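Comments concern the structure below.
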Amino acid sequence: MSAKLDDDIGTSQTVRVQLKLRELIVGGELKPGSRIAELTLVDLLGASRTPIRMALVRLQEEGLLEALPNGGFAVKDFSEADIHDAIEVRGTLEGLAARLAAERGVTSVLLAEARDCIARIDDLLAQPELSEDSFNGYVEQNGRFHDLLSEMAGSDLVSRQLERAKTLPFASPNGFVLARSTGPDARDTLVVAQAQHRAVLNAIVQREGARAEALMREHARIAHQNLREALQSHQSLQRLPGASLIRRRATR
């Protein structure tokens, strides 16, 4: 077996372990503050210690784990201020991506994909009341739009930083969409977000860099409102990926 093949197998095992661990953390099976022992994960995940150790380091880099003074890792929790800052970082980077796209220009292929994405969301929002399937469709197309925006920037560096900023479940563009899928104003929030999608794309097409950046940063701030409302509703919070990681303010 070649050294390259060994490396490829090791990488795929690390990714598999990383994804499974993230799922356990976000799903609440590994609680905030709990210490993660490598030997326990060997039995739980059926993987060797090397890919487990590498996956733990990657999850620390993502911000889901913290290194302990005496070795090992523990699951982190996050305050509302932490989440606010994470959303701000993502919005700032997406604003930069939108500005670069406008200033540098975008290929006709990417523009066609973005317009198709917006058209698909329009079709989903045309219904007066949205079903769970409609919300799931919105999540898919919304994620696609944000991925396309990252690609439009034409910068591998910006794309990598954006991908890193979106790794925390509540900082991603879809972090609070399903949490807000209930309630009388659920569709209205998505309609506003869709109008912003269209305005950002128009600014990019018109090569208006400053406007595209400002619109995209404003678009990210919808997540701040969604966070506040989700934290006030037990039902909404139950639908929020990673909700168990949020450190709630003490109430009197």
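Details
- Lysine pair count for the chain with Cα-Cα distance under 19 Å and sequence separation of 8 or more or different chains is 5.
- Acute angle (nearest 10 degrees) that the helix 49-62 long axis makes with the longest principal axis of the chain, alpha-carbon atoms: 40
- Most mobile of 165, 126, 153 in a GNM of the chain (Cα contacts under 10 Å): 126
- Residues whose amide H comes within less than 5 Å of that of residue 28, counting only those at least five positions distant or on another chain, are absent (H built at 1.01 Å from N in the peptide plane).
- Prolate/oblate/rounded label for the stretch 10-71 (Cα gyration tensor, a/c 1.5): rounded
- In percent, rounded to a whole number, the relative contact order of the chain is 27, using alpha-carbon pairs under 8 Å and six or more apart.
- Additional length obtainable on full extension of the chain from residue 108 to residue 133, 0.36 nm per residue less Cα span: 6.0 nm
- The charge dipole of the chain, taken about its Cα centre with unit charges on the Cβ atoms of Lys, Arg (+1), Asp and Glu (-1) only, comes to about 600 debye.
- Other-chain or far-sequence residues with amide H under 5 Å of residue 63's (modelled H): none
- Note, ³J(HN,Hα) from phi for the stretch 34-41, Karplus 6.51, -1.76, 1.60, rounded to Hz, x at Gly and Pro: 6, 7, 9, 9, 4, 5, 5, 5
- Label selected from (1) 22; (2) 8; (3) 17, the criterion being percent of Cα pairs over 35 Å apart as computed here: (1)
- Scanning residues 5 or more positions from residue 78 or on other chains, those with amide H under 5 Å from its amide H are 246, 247, with H placed 1.01 Å from N in the peptide plane.
- Folded to 0 to 90 degrees: helix 209-220 orientation relative to the chain principal axis, Cα: 60
- Calculated FRET value between residue 115 and residue 156, using beta carbons and R₀ = 25 Å, to 0.05: 0.55
- Between the helical axis of 3-26 and the longest alpha-carbon principal axis of the chain there is an angle of about 80 degrees.
- Max mean-square fluctuation residue, GNM over the chain, Cα-Cα springs under 10 Å, options 49, 187, 164: 49
- Three-way shape call for the stretch 61-201 based on the alpha-carbon gyration tensor, with the a/c threshold at 1.5: oblate
Each value in this text was obtained by applying a stated rule to the coordinates, not by laboratory testing. Remember, predicted model here, so these are calculated numbers, not experimental data. No Cβ is skipped: glycine too gets one built from the backbone with ideal geometry, and neighbour counts run over all protein chains shown.
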